[in-house]
Amino acid sequence: MNNEMHLKFRAISQNESFARVTVSAFVAQLDPTMDELTEIKTAVSEAVTNAIIHGYENKREGYVYISAWLDGDTVELEIRDEGIGISNIEEAKQPLFTTKPELERSGMGFTIMENFVDEMTIESDPNHGTVVRLKKKLSNAKAVFN
Amino acid sequence: MSLQVHFEWKEKYILVVRLSGELDHHTADQVREQVSQAIEEKQVRHLILNLENLSFMDSSGLGVILGRYKQMKQANGEMIICSVPPSIERLLDMSGLYKIIRIDPSEEQALHRLGVA
Ligand SMILES: Nc1ncnc2c1ncn2[C@@H]1O[C@H](COP(=O)(O)OP(=O)(O)OP(=O)(O)O)[C@@H](O)[C@H]1O
Ligand SMILES: [Mg+2]
């Protein structure tokens, strides 16, 4: 299976469920298990929520971009914003680290993403935005020979 | 895609909150406001959060749960979580909430432990 899709939507919380449901419907072509779908949905929800809350600081301005590629039995996702960026990525990745405790954030987003996919990379440029790349190999993906 | 929050009082001081649907950043505010208000305005000695019918939760849910746990502690009350679906159990485990919050397998068992039939 070789396929790709690209999404652009406004950075508002109403679109969080839209984003994870859309990505999960696209990935369903690879016949993932229920657990794998839940992991992908959760990781997408984390990255999109981060873009909205942190990248765009809940201002309801700007766009979130998602790209997804299916390659054999592997899903690659890219979640991007053009927000404030992350100055210290290593610090941001630490479990329980959050810059928004007053909003009852738990600082677990990156830890959850890292646990739910095989590979996570973060690229960020303060004042220009953030890209989170997630890669996950599916266990029983069909169409390996396409 | 939304969240339903259902309240039921038991014996005047036990508040059972049943959540169904999807708990994310968008729907978290609703739970936070409704449950916070009840804790502030009523005598809640035990808050039971039933997660049985939650079909989705992410870190926003962890934040709301931890927030209410702290709020109950401050009010000298206790919070209990029950009927946690396996996918959500993983999140509670990862965040360490499993170690600090009392978790019961079912609402009946939670109530039973509190001495309610
Ligand atoms: N897209 C982003 N733009 C700017 N800063 C970000 C972005 N994503 C994450 N961050 C920064 O990294 C920190 C850690 O992110 P993470 O998702 O792990 O935790 P959180 O969002 O603070 O809490 P939680 O995800 O548990 O609700 C955030 O507090 C924020 O400072
Ligand atoms: Mg986050």
- Positions within the stretch A:44-77 being more than 11 Å from ligand 1 (Cβ to nearest atom), under 9 Å from the mean Cα position of the chain (by Cα) and under 23 Å from A:Phe97 (Cβ atoms), in sequence order: A:Val44, A:Leu77
- Message: Taking the conditions exactly as written (β-branched (Val, Ile, Thr), more than 11 Å from chain B (Cβ to nearest Cβ), surrounded by 16 or more Cβ atoms within 10 Å (Cβ to Cβ) and within 13 Å of ligand 2 (Cβ to nearest atom)), does A:Ile66 satisfy them or not?
- Response: no
- Note on the structure: Looking across the stretch A:117-141 at residues that are farther than 13 Å from A:Leu77 by Cα and modelled with pLDDT of 95 or more, the single one that is nearest to ligand 1 (Cβ to nearest atom) is A:Thr130
- Test A:Ile12 against the criterion of being at the interface with another protein chain (Cβ under 10 Å from one of its Cβ atoms) and part of a loop (DSSP other than H, G, I, E, B), and give yes or no. yes
- Residue by residue through the stretch B:1-18, note down the ones that are in contact with a His (Cβ under 8 Å, 6 or more places away or on another chain) and aliphatic (A, V, I, L, M). B:Ile14, B:Leu15, B:Val17
- Message: It is to be established whether one or more residues within the stretch A:96-111 are within 20 Å of A:Phe18 (Cα to Cα), near ligand 1 (Cβ under 8 Å from one of its atoms) and within 14 Å of chain B (Cβ to nearest Cβ).
- Response: yes
- Note on the structure: In the stretch A:40-63, anything more than 16 Å from ligand 2 (Cβ to nearest atom) and buried (at least 20 other Cβ atoms within 10 Å of the Cβ) is listed as A:Ile40
- Is it true that some residue in the stretch B:54-70 is more than 14 Å from every other protein chain (Cβ to nearest Cβ) and within 30 Å of A:Ser45 (Cα to Cα)? no
- Note on the structure: Scanning the stretch A:71-83 for residues that are surrounded by 17 or more Cβ atoms within 10 Å (Cβ to Cβ) and in a loop (DSSP other than H, G, I, E, B), the one farthest from the other protein chains (Cβ to nearest Cβ) turns out to be A:Asp73
- Message: Return the residues of the stretch B:99-112 that are free of Cβ contacts under 8 Å to residues at least 24 places away in the same chain and either closer than 16 Å to B:Arg68 by Cβ or touching a strand residue (DSSP E or B) at 6+ places or on another chain (Cβ under 8 Å) (or both); say none if nothing qualifies.
- Response: B:Ile103, B:Pro105
- Query: Does A:Ile12 satisfy the condition of being within 14 Å of the chain's Cα centre (by Cα) and at pLDDT 95 or above?
  - Reply: no
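The values are calculated or read from the model by the stated rules, or taken from the named source; none is laboratory data. Please read all numbers here as calculations on a predicted model, not as lab measurements. Here the Cβ is made from the backbone with ideal geometry for all residues, glycine too, and neighbour counts use every protein chain on show.
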